[in-house]
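Just so it is clear, none of the values below were taken in a lab; they were calculated from the coordinates. Just so you know, these numbers come straight off a predicted model, no measurement behind them. Neighbour counts are summed over all protein chains in view; Cβ atoms, including those assigned to glycine, are modelled from backbone coordinates with ideal geometry.
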Amino acid sequence: MDVVNEDAAVAVDMPPATEELARRALAKVSFEDRLVAYRMSPAAGNVRIDLYSFTEVGEYMFGTQWHEVGQPDARVDINWLDVDKLSSWLENVIGDAALAKAVHEVNVEGMSFREQVMAIGPLLKRRFEEYQALLTSEPDQTESD
Amino acid sequence: MATGGYVGKILYVNLTTGDMEEIPTADYEEWGGGHGMGSALFFDRVKDKTIDGYHPDNLVTMMTSPLSGTLVPSASGRTECNFIGIQQVPVGWYTRSNFGGRFAGELKFAGWDGIAIQGKSETPVWLNIVNGTVTIEDASGLWGLDTYETQEEIWSIVSGGNADDGTWYGLSTGRDGGRTTQRPAVATIGPAGEHLNRNACVLHDAGNAAGQGGLGGVLGSKNLKAVSVIGTGSIAIADPAALVDARMELQAAHGYDVDAPALEGPVPNFAFYGIIEGHPGFGPLILNVDQPARAQGCMGCFKNCRRRLSNGISNEDQCVESLWWVSGTSQLETNKATDLLDKAGLNVYDLINGHSYLNSLYQMGILGPGKAIESNLPWEKYGTYEFIEQFVDAIVNQTDIGADLADGVSRAAIKWGRWDEDTSSGLLNRPQWGYQQHYEPRLEVEWSYGSLFGDRDINEHGINWHVHWHATVTGMIGQAPLISAEDMVNLIAEGTGVGDPMGWNYSPDGIYTEAKAKAIAWHRHYTRFWKQSIGYCDWAWPMFINYNNRDGDFTGMSPGFEPRFFNAVTGKNITWQDGLELGRKIWNLDRAIWVLQGRHRDLEVYTNYVYDTPTEAPDALPMYLDGEWKYDPGLGRSLDREKFEGFKTTFYTVEGWDTATGWPTRATLDELGLGKVADELAAADKLGA
């Protein structure tokens, strides 16, 4: 049974995210900037899925819970996406060049999609937690503004 | 003449006049059963084949096969329905749909090989079949009920309230009227069908549905709410010992041993792997079970691919309906969304990408409050159960954009002026006849060619499980294929009888060859007879490859076992090839009906995206590339217009059709014993030259 390699994700060298990056990363993108993925299912073939935010991408990739099958609420369809396109999207739409590079580098030729997810998922999770921490630690300016 | 399998008569009901008729099954026995018998009845009894699907003269057949209600594995539970469809665009072709469960068996136990329904009742009615007694009942008290409520009400009426707990009850007041513990088998429409929705289905028990073509809307137009049947008779088997021996042999070789599986997926509980090793209850495919559950199957099945859950939500659902709302945030919401459709009697497949297409229009600023396509549904909550509940309600009751969507997403897109643009870009990926793309039309062409040359999305998985899913599943999880591409195509080529493995070559050039045309023709003929007329379920048959064989030999049970079971039941002595030839006859009869409806070569083209946009997702298929067989993802592929037009000519030639029009010729029809069909085409000036 595979286990998501959290340690390996932590070991990847990425400069810290900035608040500006976090804000952009967690915002919803436009239709033109969406990331197109394909959910694969035997009954329906490859069903196109439009992803409109970094959060949706993470949820989508973890939607195939390879390491948690059999657990409550686990879903085991194949939520496929093109990892090269993901890398480009992270760089060009989200603006996180460091994460894009890290995703690109862990994607070794010949990897199965399951292996890709196991390698990339923790990177996205680590960065997502960084983004969230940056925004939740920020004093709420709304009312004073 | 058969000595077993058939029970002797077909029920004909005219809802306009209330007249009924017993048609001797022997009059149509040459067609096998199911679809073949239905098409022959349709041809004889519908004089004007160009009528609209809502026309009262549209004939709906609900047919069994000689194997229905017997022990033949994965072939006993299907009911085949033929009718003029209301779903397709631009023409509602004469079409088919079927459903599983126990309706076909009960119909046989009641003494009927099938039902043919024509006309239109002035008021809502339901058909009550209790053995040989058939009555047309008032359905005013059922109209408006959902499909589950309707069935519960009819169970109570027919059983006198005794069917709830398995109590023995008599079916008549007479001594010999028969006793049973069974609930009547009810096929019913829901509110969607009552409202003439073009995607309404007919539902039976919890999750068996005849969905494609809009049969629910057709029955709604006839004011027919439901058909109920219960019987206490039996079915003669010509050679019971041969039937049991064959079943036991197949079970031993191909069954899944839950105590000691011959093959297990490398990722525990990975539902997809059920496609390969066939563990019980894998049918919902994407959903793991998060609560006590057990496997469930259609009558007589040895695979039992469906499941029942302890919470009772989405029971017996599988395949597409079980995953149409995976956008939901939990498995419970996904299951609840499935039940929404079941109860409304709404077919899922128009909506599975339909809702995401509409969300795209919303994201583009085209659809929503105050937009070009006005909709006040809570699109900002897309992805939630709250949204999908309102969305389904709008379609069923034809409010908001549901008024347009009741005619189907494709017709709605046409009405909104979006069809050309969105089917050209692929945003609305509907390759033929307005049906949602199912399997990749640019690659897996036995699916797309079969759909285009026919009447609907074929939804025939028998070859697809192997050529597509075996390599896709193993590749995705990093497992080496269990069988090489070369061995796979050789087994299929040998099993089918086609002989040339290039028929299953999905390479850029391989999809346009004469070998491919022969493979496509074989597929059309196989399914028309063995699947749709005899009832072999495509979730099990044909069995060309058996991954569960313990000795490493992947040879499956086809082609030997289809005729072996058929002959054991009927006492006939037909061969695999005889069945294929009957399939060709039925396929040509259907083709003639489509021609009378307006089919022409010029209409058999895909929407633009199939030719103009490349594939983006892997679709592993066997391909012969650079002198060797391999599984290849086929990325970046589109269909070549010119080559496809050439392929059409090749295919028409293989089928014996006029290459300029795609119409059957008299020589072909005469050879098949369809001279009267040729006469009708000639009278309409539509006989191929």
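Rounded if a/c is under 1.5, else prolate if a/b is larger than b/c, else oblate: which is the stretch B:554-689, with a ≥ b ≥ c the root eigenvalues of its Cα gyration tensor? If you can, show how the numbers build up before the last one.
Values: a/c = 2.70, a/b = 1.15, b/c = 2.36.
It is oblate, given that a/c is not under 1.5 and a/b is not larger than b/c.
Other residues whose C-beta falls under 14 angstrom from the C-beta of B:SER375 contribute a net charge of -1, scoring Lys and Arg +1 and Asp and Glu -1. The modelled label-to-label distance for the pair B:GLU374/B:THR399, using points 7 Å beyond Cα in the direction of Cβ, is 1.6 nm. Modelled spin labels at B:ASP48 and B:LYS643, positioned 7 Å past Cα toward Cβ, are 4.5 nm from each other. Ranking B:ILE117, B:ASN223, B:ASN82 by Cα position along the charge dipole of the stretch B:9-230, where only Lys, Arg, Asp and Glu carry charges on their C-beta atoms, puts B:ASN82 farthest toward the positive end.
Only helical DSSP H runs with n ≥ 4 go in: add -39500 (n - 2.57) per run for chain B, normalise by residue count and round the 222 nm mean residue ellipticity to 500 deg cm²/dmol. Present the calculation step by step, with values, prior to reporting the outcome.
Values: 24 runs with 228 residues, N = 689.
Counting only the DSSP helices, I get -9500 deg cm²/dmol.
Could you give log10 I(q)/I(0) at q = 0.13, 0.21 Å⁻¹ for the stretch B:83-144, computed by the Debye formula over C-alpha point scatterers of equal weight, without solvent? With no solvent term, the Cα-only Debye profile gives -0.53, -1.10. On a per residue basis, the convex hull of the C-alpha atoms belonging to the stretch A:16-134 measures out at 109 Å³.
How much FRET efficiency would the formula 1/(1 + (r/R0)^6) give for B:GLU149 and B:THR181, where r is the Cβ-Cβ distance and R0 is 22 Å, rounded to 0.05? Don't skip to the end; give the middle numbers.
On the way: r = 22 Å, r/R0 = 1.02.
Efficiency for this residue pair is about 0.45.
Across q = 0.16 Å⁻¹, the stretch B:363-416 modelled as identical point scatterers on its alpha-carbon atoms has Debye log10 I(q)/I(0) values of -0.45, in the order of the q list.
Summarising the strand pairing of the stretch B:9-230, around 75 percent of its internal DSSP beta bridges are antiparallel. Return, ordered by residue number, the residues of the stretch B:43-82 whose backbone nitrogen is under 17 Å from a label point located 7 Å along Cα→Cβ of B:GLU21. Hits in the stretch B:43-82 for B:GLU21 at 17 Å: B:43-49, B:56-62. For the pair B:ASP500 and B:ASP578 in one chain, pulling the backbone fully straight at 0.36 nm per residue adds 26.1 nm over the alpha carbon distance.
Return the FRET efficiency for the residue pair B:THR384, A:GLU19: r is the Cβ-Cβ distance, R0 is 35 Å, and the value is rounded to the nearest 0.05.
Details: r = 30 Å, r/R0 = 0.85.
The pair B:THR384/A:GLU19 has a calculated efficiency of 0.75.
Sorting the segments A:104-112, B:401-409 by their residues' average number of neighbouring beta-carbon atoms within 10 angstrom, most packed first, yields B:401-409, A:104-112.
Taking label positions 7 Å along the Cα-Cβ direction at both B:ASP509 and A:LEU26, the computed distance is 5.6 nm, reported to one decimal. Measuring r between the beta carbons of B:ARG294 and B:THR173 and using R0 = 35 Å, the FRET efficiency lands at 0.40. Using the Karplus relation 6.51 cos²θ - 1.76 cosθ + 1.60 with θ = phi - 60°, the per-residue 3J(HN,Hα) values for the stretch B:228-238 come to 10, 9, 9, x, 10, x, 9, 10, 5, 10, 4 Hz, with x marking Gly and Pro.
Taking a point 7 angstrom from the Cα of A:ASP50 along the C-beta vector, which residues in the stretch A:28-42 have backbone N less than 16 Å away? Under 16 Å, as judged by backbone N against the label point of A:ASP50, lie A:28-39 of the stretch A:28-42.
The mean of 1/r over all pairs of different alpha-carbon atoms in chain B, once inverted, gives a Kirkwood hydrodynamic radius of 25.5 Å. Where in the stretch B:45-70 does the label zone of B:GLU122 land, with the point 7 angstrom along Cα→C-beta and an amide N cut-off under 17 Å? Taking a point 7 Å out along Cα→Cβ of B:GLU122, the residues of the stretch B:45-70 whose backbone N falls under 17 Å are B:56. Computed over the protein assembly as shown, the P(r) curve from all C-alpha pair distances, binned at 10 Å from the origin, holds 2, 13, 23, 27, 20, 10, 4, 1, 0, 0 percent per bin. Selection among B:LEU589, B:SER330, B:TYR273 by position relative to the dipole of the protein assembly as shown gives B:LEU589 as farthest towards the positive end (Cβ unit charges, Cα centre).
Computed extension length for B:ASP602-B:ASP239: 125.7 nm, one decimal, from 0.36 nm per residue of separation with the Cα-Cα distance subtracted. The lysines whose alpha-carbon is closer than 20 Å to the alpha-carbon of B:LYS630, local same-chain residues fewer than 8 away aside, are B:LYS516.
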